[in-house]
Structures are given as structure tokens and as C-alpha cells.
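Quick notes on the structure that follows.
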Amino acid sequence: MTAPSLNVTGLHFAYPDGSAALNGVDLRLEPGERAALLGPNGAGKTTLVLHLNGILHGGAGTVEVGGVRVYPADRAGLAEIRRRVGIVFQDPDDQLFMPTVAEDVAFGPANLGIRGDELRARVDEALAAVDMTAHRDQVPHHLSFGQRRRVAVATVLAMRPDILVLDEPSSNLDPASRRELAQILRSLPVTVLMVTHDLPYALELCPRSVILDTGRVVADGRTIDLLADADLLAAHRLELPFGFDPAFAAQRLARVTGPAGEAVVG
Amino acid sequence: MAGGHAHPLHLARDSAVHRLPAEVKIVAVLLFTVVVVITPRAEFAAFAGYAALLAAVAAAARVPLPWLAKRATIELPFVLLAVALPFAGHGERVTWLGMSLSVDGLYGAWNIFAKGTLGVVASLLLAATTTMRDLILGLDRLRCPRVFTQIATFMLRYMDILADDARRMRIARLSRGYDPRFLWQVKAFAVSVGALFLRAFERGERVYLAMVARGYTGRLPRPEGADASATQWAASALLPAAAAGIAVAAVLR
């Protein structure tokens, strides 16, 4: 059996002011799996994400990526971890800092020591994957928000990550951009961990969901089952949009993409 | 070149001057300015020659003279001082239109005005024919310390975002009936400048996190691109070489 894509065990973390953010998180993702990380504001979702590539560390517990343990002190090892775990941050303006789209996409692979033709090939491939090739020489500021979010995904794809971690990928997107992003994410052959409050989006993209609250995993199962459990959602400040029926949506989805809720293990 | 960093001083045209690499143009403007500055102030013919050279460059770059003239007004606040010199100067004086003017002061004013204008017009020509992004890349290839070019790169990217933030905050203030007319009403503005600073600071932290997540270790990758060819260096050397020729001829005459 292959090593899990991500294996988090007993992860604790407290911020310097003493407030505990993670209280023993266990999370295991198989290669190719798409899972949603749900939870109210302040549940520790972002803190957990920043542990996955070793930006935050120092508490008890371990994080393993593709069978390799994250050691924050090991700089060379950390560079490899940061290649494997690609994080797409919530605000694309935080992620896109170079003057042109192509330069920004090249930033990650260049940090990995890739140069010349190989670098150009990576940039082309990543931009093609998010359908932004035509905008490669544009200024990020002149793109629409949805386009910037897609470029942000490309900046991470160019590093050929094993796990794609997205922080609130659907926030501030109009419905068309939201659907386009969903199509792109579904087409990618990587493990996806999607942090979101957008429960319909989680149902649409992720067969599996994990609910995080007060720094620990409180539920882990098929997205459709979790969303159908009204008491569970209410207990953790999660709410479906008005009028949204998860069972009906899952049926519709099954017709489009195959049976929903079935773990896609590749 | 692509990039689309439209700044108000840039004039997107296709010309031989636009196509020259930024670094050769920067060096040419720098040398030209040095020649202008060291020319003795009484060599009026030399200054006329410099102006003719710049006019030739403007024609080659297809930059209209009125466009240049309008933007050259940026130097006005700086040459205002020069206006005072003929009145305040010492030594020999001449009377003109009933005003007693110092000859030394007149020369001083001419010196500031002529050299200032030539320098400003040369810089404007550089700005008109080079995008901001290319200017930074050019400085980088000229071995300008990377800290400076990196700061300029970040500024280029985040200036617009900051301006947008400020604009949105201003609209939000106005929408809530804020209409400052007197100095003591400026408090809300001052507070929002503080808020803008905090937002910029926090964004800096987030940008850094996002960079670290993509493997940043304190060094930006060096931008790729071919170095300027000898022909391009020679072409751009025409301006400072011709200026030096004029200067030498004027001084030796």
C-alpha cells in the first residue's frame, strides 16, 4: 500500500499569546482524494493549513506528507515539503506579487532551482491547466477576481504539488467563476484539501468532508451524510444556504459526475 | 514590450528608441545629463545643440513635442527658485524694464533653468519609451543592488492595490456623510491613513507567508532575458557621444 498523501496525528498548537488553536488533530488523506475541511470561523482551519508545509510548528504531534515527516529545522527537507504541499491563499492579491502573471507563476518553480526551458514549460503547463495562457504577460491587477484566483492556483500547480490546499476557494467569486474553478479543480490529478464555509461547493467537489471545531476534528465522513445531519451542522455553526437540499443536490450531481459521496481514490 | 505597466509618463509607441533595452537607455540618459551639467553655463550654443539632440531623439521615438512640453512643467516648482536669483544676486547689475538685475544672478538662473529643463526632458524621453517593469529590469541588469530593485518591484505591484484600498475607504467615508471642510474635521482622514498603513502592513505579512509557502528563502529568482547587444549599446551611445562632442567643441572654441 502506498503512503497516505497526508497524515496528521495528534497535532497541537497554541499561539504565543497562549490561545490554543489546535487540540489534537488527526487527519489522513489518501492520494487523489478530494476532501473539504469545514468549520466555523476561529475553528483552527487556517492554523492547520499553515502546519501542512511547516510554516507554523512547535506543538505536539506530527505531520507527514507522502510518508515524509515535516521537520521545520531541516531546510532542505522543508523545501521539498513546500513543493509537495501547494497552498492557494484566500486573497489572490496576497499570492500574486510579481509584476506579470508569467513571472509570478515562475516564482515557485524558480525557488526549486528550475531554470530556462524547463521553467518556461512549467509556466505554460500551469497556465494552460487553469485556462489563463492568453493572459500570461498581463499585470495581475488588470485581471478580474476570478482570473486572479485561477492564476493563484496556477502559481502553485507550477510546482507540481502532490497536495493542493485551497483556503476558501469560492469566496468572492461570481457563480460563473465558481463553476469554472470547480471544473479546473476536478480535472487536476492531485490530492485536494479545500478549506471552506461554502457547503454546497464542498458537496460539489469533495466526496469527503472533515469538520474542525475548537481545534479538533469533530466529524469525518461522506460530505452528503454530514450535510444531511442538521443537528451536527447546527452544533458547529455551519449552515446550508436557504432552500438548499443536500440530498436533491447530490442526486443532481450524481447524474453529472458519477455517484457523489464515493471516495475517489486514485 | 509586453507588461502593460502603463504609467502616466509612458507613451506606448513602436519605435527604434522604444525597442532599445532599458539598461542602455538608462546609461545614455545618465551620461547625457552628466555632460549637460558639467558644461560651463555661458556656452549658450552648446545648450542649443543639446536641445536639438533631444528633439532628434523625440522625433526618432515618435514622442510629440507638446506631449513632452506639458509633462516638463513638473520642473516648474524647482526652477521657481531661479527666478529670485537675478534680484537677489550680488555684483555687477544691469537695468532692464526698470528693474535692477544682477548679471551673476541672471547667469545663475539661466544655468538652473537650462540644465534642469534638459535633464527633465531627457528623463521624460526615457520614461516615455520604457515601461516601469523594463526600467526595473534594466536597473537590475546594470547591477543595481537587488534590494532596491526588489522594493521597486513590490511597489510596482502593490501601489495600485493600495491606491484601490484608499479609494474604497474614501468612498465609504463619503457615503457616510463625511465632507471635510475645515482642518479640525481632518481626523477621520488621518485615522484612515493609519488604517491604510495597518492594512498594508498586514498584507505584507500575508504576502510573505504566501511566498514562503512557495519555497521563498530570501532571494528572488533573477529575471531571465538576453543582455543588450553591442549594436544597441552603440546606438544609444549616439546621444551622450554627440553631447560630449558639442561640449568639447564649445569649450575649445
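Pull up the DSSP beta bridges for the protein assembly as shown and report the antiparallel fraction as a percent, rounded to 5. Write out the running numbers ahead of the final one.
Working: 23 of 41 bridges.
If I count the DSSP bridges inside the protein assembly as shown, around 55 percent turn out antiparallel.
Work out how far the C-alpha atoms of the range B:65-181 reach from end to end along every principal axis, then list the three figures in whole Å, largest first.
Answer, in whole Å and largest first: 58, 50, 29 Å.
Given springs between every Cα pair under 10 Å in a Gaussian network model of chain A, which of A:His236, A:His57, A:His142 has the largest fluctuation?
Looking only at A:His236, A:His57, A:His142, the biggest GNM fluctuation is shown by A:His142.
Anyone know which of B:Ala12, B:Ala243, B:Ala213 comes out most mobile in the 10 Å Cα GNM of chain B?
Comparing B:Ala12, B:Ala243, B:Ala213 in a Gaussian network model of chain B, the most mobile one is B:Ala213.
To the nearest whole percent, what portion of all C-alpha pairs in the range B:146-213 is separated by more than 17 angstrom?
Details: 1222 of 2278 pairs.
More than 17 Å apart: 54 percent of the Cα pairs in the range B:146-213.
Which of the aspartates and glutamates could be linked to B:Lys187 by a straight reach, that is with a Cα gap under 14 Å, when you skip same-chain ones fewer than 8 residues away?
Correct list for B:Lys187: B:Asp179.
Dipole magnitude of the range B:91-198 about its Cα centre, charges +1 at Lys/Arg Cβ and -1 at Asp/Glu Cβ only, in debye to the nearest 20?
On the way: 14 positive and 8 negative charges, 98 e Å.
In debye, rounded to 20, the range B:91-198 gives about 480.
Rounded to a whole number of µm²/s, how large is the Stokes-Einstein D of the range A:48-130 at 4 °C and 1.567 mPa s, given Rh as the Kirkwood radius over C-alpha pairs?
Value of D from the Cα-based Kirkwood radius: 91 µm²/s.
Could you tell me what % of all Cα pairs in the range A:1-60 have separations over 18 Å? Numbers along the way, then the final one.
Numbers: 632 of 1770 pairs.
Here the long-distance tail beyond 18 Å is 36 percent of all Cα pairs in the range A:1-60.
What are the semi-axes of the equivalent ellipsoid of the range B:1-79, taken as the square roots of 5 times the eigenvalues of the Cα gyration tensor, listed largest first and rounded to whole Å?
Those come to 25, 16, 13 Å.
With θ taken as phi - 60° and the coefficients 6.51, -1.76 and 1.60, list the Karplus ³J(HN,Hα) couplings across the range B:35-50 in order, rounded to whole Hz; mark glycine and proline as x.
These are the phi-based 3J(HN,Hα) values: 4, 4, 5, 8, 5, x, 5, 8, 7, 4, 4, 4, 5, 4, x, 4 Hz.
Take chain B, drop everything but the C-alpha atoms, weight them equally and run the Debye formula without solvent; then report log10 I(q)/I(0) at 0.11, 0.13 Å⁻¹ to two decimals.
Values returned for q = 0.11, 0.13 Å⁻¹ are -0.84, -1.01.
Explain nothing, just compute: Karplus ³J(HN,Hα) = 6.51 cos²θ - 1.76 cosθ + 1.60, θ = phi - 60°, for every residue of the range A:165-172 in order, whole Hz, x for Gly and Pro.
So the Karplus estimates, Gly and Pro as x, are 10, 10, 9, 6, x, 9, 5, 6 Hz.
Give a residue-ordered list of calculated ³J(HN,Hα) values for the range A:173-190 (Karplus: 6.51 cos²θ - 1.76 cosθ + 1.60, θ = phi - 60°; whole Hz; x for Gly, Pro).
Residue by residue, the range A:173-190 yields 8, 6, x, 5, 5, 4, 5, 4, 5, 4, 4, 4, 4, 5, 7, 7, x, 10 Hz.
With unit charges on the beta carbon (Lys/Arg positive, Asp/Glu negative), name the residue among B:Pro40, B:Leu137, A:Ala76 whose Cα is farthest towards the positive pole of the charge dipole of the protein assembly as shown.
It is B:Pro40, whose Cα lies furthest towards the positive end.
On each of the three principal axes of the Cα atoms of chain A, give max minus min coordinate, whole Å, ordered largest first.
54, 43, 40
Under 12 Å Cα-Cα from B:Lys25, which aspartates and glutamates qualify once same-chain neighbours fewer than 8 residues away are excluded?
Output for B:Lys25: B:Asp134.
Can you work out the base-10 log of I(q)/I(0) for the range A:167-266 at q = 0.14, 0.17, 0.18, 0.19 1/Å, using the Debye formula on its C-alpha atoms alone?
-0.52, -0.79, -0.90, -1.01
For chain A, what does the relative contact order come out to in percent, with C-alpha contacts under 8 Å and a separation of six or more? Before the final figure, lay out the partial values.
On the way: 500 pairs, mean separation 66.7, N = 266.
Averaging sequence separation for qualifying contacts and normalising by length gives 25 percent for chain A.
Find which of B:Ala55, B:Ala88, B:Thr73 sits farthest along the positive direction of the dipole of the range B:50-145, computed with +1 on the beta-carbon of Lys and Arg, -1 on that of Asp and Glu, about the Cα centre.
B:Ala55
When chain B is treated as a GNM, springs tying every alpha-carbon pair under 10 Å, which of B:Arg143, B:Arg173, B:Arg19 comes out with the largest mean-square fluctuation?
Checking each option, the largest mean-square fluctuation is seen for B:Arg173.
When a/c reaches 1.5 or more, the comparison of a/b and b/c decides; with that in mind, is the protein assembly as shown rounded, prolate or oblate per its Cα gyration tensor? Don't skip to the end; give the middle numbers.
Values: a/c = 2.88, a/b = 2.22, b/c = 1.30.
It comes out prolate by the Cα gyration axes.
Kindly work out what percent of the DSSP beta bridges joining two residues of the range A:160-266 are antiparallel, to the nearest 5. Intermediate results must be reported in sequence, preceding the final value.
Numbers: 6 of 11 bridges.
Around 55 percent antiparallel, to the nearest 5.
How much accessible area is lost when chains A and B come together, counting both sides, with a 1.4 Å probe, in Å² rounded to the nearest 100? Show your work: numbers first, answer last.
On the way: alone 12350 and 16190 Å², together 25850 Å².
Separately minus together, A and B give about 2700 Å² buried.
As I understand it, the value is the acute angle between the Cα axis of helix B:230-252 and the longest principal axis of the Cα atoms of chain B; what does it come to in degrees, rounded to 10?
The answer is roughly 40 degrees.
Between the helical axis of B:76-88 and the dominant principal axis of chain B, each derived from Cα atoms, what acute angle in degrees is found, rounded to the nearest 10?
Helix B:76-88 sits at roughly 40 degrees to that axis.
Helix B:132-141 against the longest principal axis of chain B: what's the angle in degrees, Cα atoms only, rounded to the nearest 10?
Between the helix axis and the principal axis of chain B, the angle is about 80 degrees.
Roughly how big is chain A's charge dipole about its Cα centre, with Cβ charges of +1 (Lys, Arg) and -1 (Asp, Glu), in debye to the nearest 20? Each step should come with its number before you reach the end.
Details: 25 positive and 33 negative charges, 80 e Å.
Using Cβ point charges on Lys, Arg, Asp and Glu, chain A gives about 380 debye.
The values are calculated or read from the model by the stated rules, or taken from the named source; none is laboratory data. Since the structure is predicted, the reported quantities are computational estimates derived from the model, not experimental observations. Positions of Cβ are backbone-derived with ideal geometry, glycine not excepted, and every protein chain shown enters the neighbour counts. Surface areas here come from the heavy atoms of the whole protein model, side chains and all, with no ligands, DNA or RNA. Shrake-Rupley method; radii C 1.70, N 1.55, O 1.52, S 1.80 Å.
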